[in-house]
Each structure stands twice: as structure tokens, then as C-alpha cells.
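K.L.:
Please find one structure pasted underneath; my questions will follow.
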Amino acid sequence: MSQDQTAEGIRLSILGMRCAGCVGAVEGALTAVAGVTEVTVNFADHSALVKGNSDPEQLKQAVKDAGFDAAIMEGFEDPAEQEQQEQQRYQQLMTKAKVSGGFGAFLMLIDMLGWMPDMSVWWFWVIIALITLAIMAYSGEHFYKGAVKSLLLKQANMDTLIALGTGSAWIYSCIVIDYQALLPVIATHAYFEAAVVILAFINLGTGLETLARGRTSSAIRQLIGLQPRTARVIRDGEELDIAIEHVGLGETLRVRPGEKIAVDGVLIEGHSSVDESMLTGESLPVEKTVGMQVVAGTMNQTGSFLFMATRIGRDTALAQIINSVRQAQSSKPEIARLADRISAVFVPAVVALSVFTFFMWYAVGPDPSLGYAFVTSMTVLVIACPCALGLATPISVMVAVGRAAQSGILIRKGDALQSAGKITCLVLDKTGTVTEGKPTVSAITTLADLSEDAVLQLAASIESGSEHPLAAAIIAAAEQKQLPLTKVTHFAASAGHGVSGQIDDQAILFGNTALMAEHNLSTVEYTAQLEQFAHLGQTPMLLAVNQRVVGIIAVSDPIKKDSAAAVQHLQHLGIRVIMVTGDNSITAQAIAKQAGISEVRAQVLPPDKAAVVKELQRLGEIVGMVGDGINDAPALAQANVGFAIGTGTDVAIESADVVILQGSLLKVPEAIALSKATVINIKQNLFGAFIYNTLSIPLAAGLLYPLFGVLLNPMIAGAAMAMSSVTVVTNANRLRWTKLDDK
């Protein structure tokens with residue numbers, strides 16, 4: 001097993017799962033394997049994600065021992081091949097439904113036309129019994145085999161109910177041929193047609209469910225489809241088309257107009273515009289020039305260029321997105337746990353209810369009580385399958401996570417789908433979240449006999465050891481003026497305050513007033529100038545040489561064009577918005593005013609942002625945190641829901657629950673809207689499934705008979721059971737068309 005498999009988990013495709021009861025059996029079997037630390041089985045897409053340090057072959061064998069089959073899912077399956085397999089499965093189920101349904105319809109028709117011979121014509125009924133048995137063996141083989149396996153493992157599932165219901169119908173019908181005098185009026189004929197029509201309806205429902213479930217994975221298939229199968233590499237001066245798996249790190253690749261980019265890399269020659277909409281949700285193409293990053297799966301548009309591969313295989317942004325989406329689709333939000341607990345005991349409870357129904361009718365039912373007892377207990381078995389209950393949550397999660405991915409919102413944890421819609425307070429980092437995150441030097445003020453270039457050169461030199469965005473702006477300004485950087489010794493960074501070091505024989509300080517105060521350097525005489533910059537929304541930084549302030553450099557970082565609209569949208573949703581920044585209070589207030597934010601926490605050091613989130617949580621707020629996923633990691637992890645502002649190449653931010661790929665704050669209210677829609681959808685599904693079983697079982701048991709003399713026909717019960725699952729899947733698919741940007 002590779003390290004990737006160990007870290008990300010092993011994905012198994014599970015064959016033979018047909019109800020929520022199967023989920024518990026598979027989870028139990030996999031959990032018992034040595035080295036397994038976590039197992040998540042997804043009934044909606046028939047897969048399992050196993051984490052830990054275990055042997056894949058042992059996992060497969062454990063699943064087989066539990067009565068199912070399994071295959072390791074490695075790499076990215078061909079979407080066309082997946083669709084073909086689903087289509088074949090659908091066609092098989094439809095054929096089985098047609099065979100059993102056709103024969104059942106034939107029996108019903110000749111019965112309605114009065115052409116059915118009397119039970120005394122025993123040879124006719126023996127032929128019908130044998131034909132029915134053959135059709136049941138063909139159309140219901142998978143159910144009967146599953147039931148036998150479950151019985152051997154002392155378990156019960158959907159197959160158990162179907163096998164008991166249809167099998168008992170056939171056996172009962174055989175008995176009826178000789179003992180019809182024991183039957184009530186409602187069952188004076190054999191139920192051969194009921195046995196096959198029930199199988200027809202269940203196969204039809206399963207087929208429609210397979211078709212609808214296939215649509216829920218369309219987002220994953222689209223993402224996988226973005227990955228080209230070949231790449232054009234340049235080796236020894238020749239351009240070669242090779243399989244994507246054979247591309248190595250550091251190789252040079254050519255991309256022509258209209259081609260997909262094969263792996264992640266850095267552009268080294270040429271320029272173009274690239275459509276990144278499928279990864280980021282941003283419809284406008286992005287201009288790419290030398291030195292800029294390109295991402296696997298995006299579409300080159302106008303120009304031809306060369307780029308160097310920097311990430312390949314599982315390390316590409318696209319691969320990480322697909323892996324994150326799959327894990328999120330397999331995860332279970334808290335709301336799913338109730339359904340899981342109920343499903344685990346549901347089938348045995350239904351069998352017990354069926355037996356109870358039989359004995360109640362046999363004991364106190366009208367004559368002939370044996371016939372009534374059989375019909376009602378069989379109907380209870382057929383109608384009560386918990387498929388809809390098992391599908392209610394995972395199918396909605398699958399659709400919602402896929403819908404989010406198509407909009408440039410990467411939901412990494414299923415719980416975020418449930419929690420995001422409950423957020424009452426949203427904490428926003430300033431730099432890179434509210435603002436562009438691309439600060440530039442806006443002003444240089446000299447306070448001694450140094451020139452502006454000298455002040456900039458010293459500041460850029462001391463900042464060369466820092467990774468702060470403001471440092472990048474100052475270094476970029478020095479490079480633009482072609483100012484050489486000087487070697488720095490004894491470099492030290494003070495989080496949220498600035499940097500210090502030695503250049504030649506000079507002690508250099510560069511940062512805010514707090515840094516100067518740390519080194520006992522008064523800045524009172526520069527207060528007016530600092531405030532003037534701050535009121536303009538610019539961040540001023542002081543440069544001191546040998547304990548003497550010699551200059552001020554102001555850096556501006558404009559707010560994003562959609563920040564104000566996003567804040568307004570969030571406030572319209574009733575969410576309290578707070579901006580938290582390490583910047584000084586005046587600058588922070590100026591930026592907040594532009595964005596329409598009324599609450600600001602300024603001069604908050606990165607480690608203290610998590611404390612702000614904790615404080616708000618203690619006050620009863622459900623807190624969402626939006627940051628860049630790096631220096632805001634503690635706050636993102638502390639928040640109820642962490643939103644990381646990222647780009648297409650920065651998706652593996654472990655501390656965040658949600659990653660906004662294109663970096664727009666407007667995606668945050670979209671994620672909240674999707675969360676609310678998903679929770680409503682799950683509740684609708686669970687309510688429908690619970691109501692269906694709550695009402696259907698008493699009706700099947702004969703609740704209406706004492707009042708109206710009506711018993712539920714077992715064939716109608718089969719149709720109702722099948723359609724309940726189709727209804728749940730269809731309702732979940734409505735999330736694919738949910739509007740997320742309604743203001």
C-alpha cells in the first residue's frame with residue numbers, strides 16, 4: 001500500500017449493498033480488520049472509505065466474508081466507463097422488471113377477463129407455479145442470494161424482507177392450489193402474480209434509483225473528465241504525446257490553443273488566457289504570463305505556451321479537489337447518525353412485526369384467519385424496506401457537495417453542510433479576505449538625510465527574510481526600481497509587529513509602533529503622519545536605523561470589488577460580521593468602512609484570532625471564520641465552520657472545513673445558502689421516509705380493515721416501497737438546481 005493510500009484512506013467500491021442495513025454490516029466487517037482506525041460507508045454511491053494502516057486485500061476479504069463484494073478504487077476512473085457500467089446495471093434491472101412484470105400483468109389480465117381456470121385444473125396451476133419460480137429465480141436472484149448470505153451471517157437486510165415476502169407468496173400460492181377453502185375472500189386465488197409483480201416493482205424502483213443516483217455523481221465525473229489522458233512533453237528537443245501517468249516532475253510541456261492543461265506547473269515561455277471556470281467557478285478567463293501558475297484540468301484558450309511540471313498525479317490541484325469532494329460526499333453530518341441507528345435495527349424489527357401481525361390475525365382475525373394472517377404479514381414484509389431511510393442523508397450530501405464544487409466551493413467535511421447554515425457571526429480576516437491580498441507601496445516618507453530609494457532599499461533588504469504579504473510588496477517595489485538588496489544578519493521577526501536585523505554595522509528595525517516601543521523607541525512625533533496614512537486605509541511602517549526613525553513606508557491593499565456586496569448580503573441574512581486584523585485601528589476602521597463592516601477588532605496577533613473566536617462562542621454565537629488558511633489556521637480550526645480563501649493550487653488546507661477556490665467573499669453566503677437548502681432537503685427526505693414507514697406498516701398490517709373492510713394488496717405495497725426510494729433520490733437531485741446567489 002502506498003503512502004498516499006495510507007494518508008488519504010483506501011476507497012472501496014462495495015457491490016451488493018441494497019439497503020441501510022447493509023451499511024452497518026460492511027462498517028462492522030471493515031472496522032474489525034487490524035490497523036483500521038476509521039470507516040465511512042456511503043450507501044448513496046456504494047463506496048467505503050477506510051483510514052488507517054491496513055492491507056487492501058484483507059479489507060476486500062472482510063467485505064466478502066460479510067456477504068458482499070469489493071474492489072479497490074485506485075486513481076480516477078474513466079467517466080465514460082463509469083457511465084457505461086451504470087447504464088448496463090440499469091438495463092439489467094429494467095430487463096428483469098420487464099420479464100417479471102410482463103408475466104405478472106399476463107396473469108392479472110386473464111384473471112380480470114375471467115379466463116383463469118378453476119383451482120381444480122391442477123396441471124395448469126403447476127405449470128404457472130414452475131414458470132413463476134423460474135422468473136423469480138431470474139428477476140430476484142440477487143435478492144435471494146443476499147438473503148441467504150445474511151442468514152448465514154445471522155443478519156437481516158432488505159434482501160431478507162423481499163425474499164421472505166415473495167418467497168412466502170409463492171409457497172402460499174402452491175398451498176392455495178389444494179387448500180383454497182382456508183382462505184378469506186380477498187385471497188381466494190393464488191398470489192403467483194403478486195410474487196413476480198412485487199419483484200418487477202422493486203427492480204424498476206432500483207433501476208430508477210440507479211439512474212437518478214448516477215446524476216448525483218455528475219460533479220465528480222465532470223471533475224475527473226477535466227483530466228486529459230495524454231500530455232505533450234518536450235524531451236531531447238522532440239515533442240512527444242505520452243500518457244498522463246508518465247509525465248515527470250520538472251518536465252517541460254507544451255499546451256496549444258483549445259487543449260487542456262495536463263498537470264500543475266509554472267509557465268516558462270509564451271502567454272495565453274486560461275479558462276479556470278470548472279475549478280474556481282469564475283467564468284472570465286485568466287491571463288497567464290511567464291512565472292504564473294497553471295492548473296491541471298483548466299482549458300487553454302488563445303495562445304500556445306511552455307510550462308514546467310511542478311505537481312503531478314495525486315498532488316495536482318485537481319486530484320486534491322476530487323479527493324476532497326469524495327471524502328466530503330462520504331462523510332456523515334450529525335443529522336445522519338439518527339437514521340443510521342434506526343436503520344441498524346429496522347429490518348429485524350420489521351420481521352418481528354410481521355410475525356406479530358401473523359399471530360394477531362390468526363388469533364383474533366375473521367375466518368378463515370390463516371389466510372388473513374398470511375396476506376397481512378407478507379404485505380408488512382414487502383412494504384417496510386428501509387431503503388428510503390438509508391438514502392435520505394447521503395444522497396443529499398452527495399448532490400450538495402458536487403453542486404458546491406461546480407460553483408468553486410470545496411466542502412471538505414460533511415458536518416460543514418449542516419453547520420454553515422446555522423452561523424450567527426462571521427469573523428473575517430482583512431488581508432487577502434476583505435482586501436485583494438496584493439498590497440503595493442503607496443508612499444515613502446523620509447525623516448532623515450536618506451533618500452527615498454535608500455529607505456526602500458533598507459526596508460526591502462530587512463524584509464527579504466519575511467513571508468508576510470506586506471514584505472512582498474516592499475520587495476517588489478525595490479525590484480521595480482532595480483535596487484540591490486543587502487545581506488542581513490541576526491534577522492528576527494516579531495509576529496504582528498515587524499522585523500529586525502543587522503545590515504553591515506547598522507541595527508535595523510522595520511514595523512509598526514509596537515515594534516518601536518519594544519525597543520524603547522518613541523514615535524510620538526510621527527503620530528499625525530501615521531494617522532494620516534491610516535485614515536486613507538493605508539498601512540504605515542516605520543524604518544529605524546541605530547535607534548533613530550529615518551522613514552515611513554505606507555502600503556495599501558485595496559478591498560476586493562465584491563467585498564462590500566458580500567458583507568451586505570451576509571448582513572441581510574442576519575449574520576453579525578466582524579473584521580479581525582493585526583493592522584492598526586485607524587487603518588482597519590478605514591478598510592472596514594469601505595466594506596460596510598461596523599465591528600472591527602484591530603491589532604490582533606495571528607495566535608490571538610482563535611481567542612476572539614472562542615470569546616464569541618462563549619457568548620453563544622455560532623461562529624464562521626474566513627481567512628487565508630495559513631496564519632489563520634488556529635482560528636479556522638476553532639470556528640464552528642472555517643472558510644479558507646484559496647486559489648486553484650491551494651486546496652489542501654487542513655484546518656478549514658470549506659475552501660473558496662476563486663477567493664471571492666460572495667461564495668461564503670452561497671455556501672451558507674447551500675447549507676440551509678441541504679439541511680432542509682435532508683429533513684424532507686428523513687420526514688418522508690419516517691412518515692412512509694410509520695403509516696405504511698400499520699396499513700399493511702390491516703389497520704383499515706376493522707373500519708372499512710380494506711386490506712392493502714401486496715403488489716401495491718411493493719410499488720409503494722420501490723417508489724419511496726425513487727422519491728428520496730429525486731428530491732435530493734433538486735439541490736443540483738438550487739440558486740445560491742439570490743440576494
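K.L.:
Amide H to amide H, which residues 5 or more places from Val604 or on other chains are under 5 Å from it, using H placed in the peptide plane?
P.N.:
So Val604 has HN proximity to Thr581, Gly582, Asp583.
K.L.:
Among 292-298, 118-124, what's the highest-first ranking by average C-beta atoms within 10 angstrom per residue?
P.N.:
Per-residue mean Cβ counts within 10 Å order the peptides as 292-298, 118-124.
K.L.:
Can you tell me the order of 448-455, 25-32, 348-355, 260-267 when each peptide is scored by its average per-residue count of other Cβ atoms within 10 angstrom, highest first?
P.N.:
So the peptides 448-455, 25-32, 348-355, 260-267, ranked by packing, come out 260-267, 25-32, 348-355, 448-455.
K.L.:
Given that just one value was derived from the coordinates, which of (i) 74, 27, 21; (ii) 52, 36, 21; (iii) 66, 28, 20 is semi-axes √(5λ) of the Cα gyration tensor in Å?
P.N.:
Correct label, based on the coordinates given: (iii).
K.L.:
Still on this model: Just add up the charged neighbours of Leu665: K/R +1, D/E -1, any other residue whose Cβ is under 13 Å from the Cβ of Leu665. Intermediate values should be presented prior to the final figure.
P.N.:
Working: positive: Lys430, Lys560, Lys561, Lys667; negative: Asp429, Glu436, Asp562, Asp628, Glu670, Asp741.
In short, -2.
K.L.:
Mean residue ellipticity at 222 nm from the helices of the chain, using -39,500 (n - 2.57) per DSSP H segment of n ≥ 4 over the full residue count, to the nearest 500 deg cm²/dmol?
P.N.:
-16000 deg cm²/dmol
K.L.:
Moving to a separate point now. At 1.4 Å probe size, with no ligands or nucleic acids counted, give the accessible surface of Glu670 in Å², nearest ten.
P.N.:
Per-residue accessible area (Glu670): approximately 30 Å².
K.L.:
While we're looking at this one, here's another question. Tell me the relative contact order for region 392-494 as a rounded percent, counting alpha carbon contacts under 8 Å between residues six or more apart.
P.N.:
Contact order relative to length: 19 percent.
K.L.:
Heavy-atom accessible area per residue, the chain, 1.4 Å probe: how many Å²?
P.N.:
On a per-residue basis, the chain sits at 43 Å².
K.L.:
Summing +1 for each Lys or Arg and -1 for each Asp or Glu, what net charge is found among the other residues whose Cβ lies under 14 Å from the Cβ of Ile162?
P.N.:
+2
K.L.:
Give me the percent of accessible area attributable to carbon and sulfur for the chain, probe 1.4 angstrom.
P.N.:
Details: 18120 of 31610 Å².
Exposed carbon and sulfur together represent 57 percent of the surface.
K.L.:
Roughly how many Å² of Tyr705 are accessible to a 1.4 Å probe, to the nearest 10?
P.N.:
So the heavy atoms of Tyr705 present about 60 Å² to solvent.
K.L.:
What figure, in Å² to the nearest 10, do you get for the accessible area of Lys149 with a 1.4 Å probe and non-protein molecules left out?
P.N.:
Estimated to the nearest 10 Å², Lys149 gives 100 Å².
K.L.:
Where in the chain are the helices, taken as whole DSSP H runs, whose Cα atoms extend 30 angstrom or more along the long axis and whose Kyte-Doolittle mean reaches at least 0.5?
P.N.:
158-179, 192-216, 335-364, 667-700
K.L.:
Using per-residue counts of other Cβ atoms within 10 Å, averaged over each peptide, order 235-241, 399-405, 50-56, 164-170 from highest down. Mind dumping the intermediate values first?
P.N.:
Working: 235-241: 8.6, 399-405: 26.6, 50-56: 17.3, 164-170: 23.7.
Most protected by this proxy first, the peptides run 399-405, 164-170, 50-56, 235-241.
K.L.:
Could you work out how far the C-alpha centroid of region 106-139 sits from that of region 225-275, in angstrom?
P.N.:
Distance between centres, Cα-based: 65 Å.
K.L.:
Please give me the summed charge of the neighbours of Ile198: other residues whose Cβ is under 14 Å from its Cβ, Lys and Arg +1, Asp and Glu -1.
P.N.:
Residues near Ile198 contribute -1 overall.
K.L.:
Something else about it: If amide H atoms are built 1.01 Å from N in the plane of the peptide, which residues on other chains or at least 5 residues away come under 5 Å of the amide H of Gly303?
P.N.:
Long-range HN contacts for Gly303: Ser273.
The values are calculated or read from the model by the stated rules, or taken from the named source; none is laboratory data. Fair warning: this is a prediction, and the values are worked out from it, not measured in the lab. Heads up, the Cβs are rebuilt from the backbone with ideal geometry, glycines too, and the neighbour counts pull from every protein chain shown. When the accessible area is computed, the model is the full protein with side chains, heavy atoms only, and any ligands, DNA or RNA have been set aside. Shrake-Rupley method; radii C 1.70, N 1.55, O 1.52, S 1.80 Å.
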